[in-house]
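Reading through the structure tokens given below for one structure.
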Amino acid sequence: MINTFALLLLYQLVGEVLVRALAWPIPGPVIGMALLFLTLLGRGRADAELKQNTGTLLQHLSLLFVPAGAGVMLHIHRVADEWLPITAALLVSTIAGLAVTALVLKALTGKMGNTDEKETP
């Protein structure tokens with residue numbers, strides 16, 4: 001388990017270093033995750049230990065939301081004061097995310113712009 005944590009933290013550290021060195025507007029953990037993905041693609045497989053330990057981490061993923069929930073409760077007065085912009089941002093981002101996902105899915109399945117197919121009644 002320690003080896004898996006060390007590997008994940010190492011990739012996160014590399015991502016953070018790259019982001020800070022190159023002033024990229026992307027979070028370091030995202031870059032680290034992409035680098036880990038590319039490494040696993042290059043290998044063609046994930047080690048059994050990595051699979052098992054990441055499965056265990058995913059089972060306890062909900063625990064990672066506790067600090068975020070505590071932060072919201074700590075600043076609940078700000079949420080109450082700014083509920084309208086927060087609600088608007090959540091709605092717009094959700095609708096935009098759904099629309100982009102639908103368009104990408106449509107493009108990937110080859111249905112976008114394909115007018116050669118005849119519809120059956």
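Would you please list the contacts, defined by Cβ atoms under 6 Å and residues six or more apart or on different chains, that run from a residue in the range 43-62 that is under 15 Å from THR4 (Cα atoms) to a residue that is outside any helix (DSSP H, G or I)? Close Cβ pairs (under 6 Å, with a partner that is outside any helix (DSSP H, G or I)) amount to ASN53/MET1. When both residues are 6+ apart or on different chains and their Cβ atoms are under 7 Å apart, which pairs have a first residue that lies in the range 1-25 and is in contact (Cβ under 8 Å) with a residue 40 or more places away in the chain, and a second that is surrounded by fewer than 13 Cβ atoms within 10 Å (Cβ to Cβ) and part of a helix (DSSP H, G or I)? Every condition considered, the pairs that remain are ASN3/GLU49; THR4/GLU49. Restricting the search to helices (runs of 4 or more DSSP H) fully inside the range 8-97 and requiring at least 2 residues that are under 17 Å from the mean Cα position of the chain (by Cα) and at pLDDT 90 or above gives 28-43. How about the range 1-25: which of its residues are exposed (fewer than 13 other Cβ atoms within 10 Å of the Cβ) and out of contact with any helix residue (DSSP H, G or I) (no Cβ under 6 Å at 6 or more places or on another chain)? Listed by number, the residues that qualify are ILE2, ASN3, PHE5, ALA6, LEU9, ARG20, ALA21, LEU22, ALA23, PRO25.
The values are calculated or read from the model by the stated rules, or taken from the named source; none is laboratory data. As the structure is a prediction and not an experimental result, all values here were calculated from the model. Cβ atoms come from the backbone with ideal geometry, glycine included; neighbour counts cover every protein chain shown.
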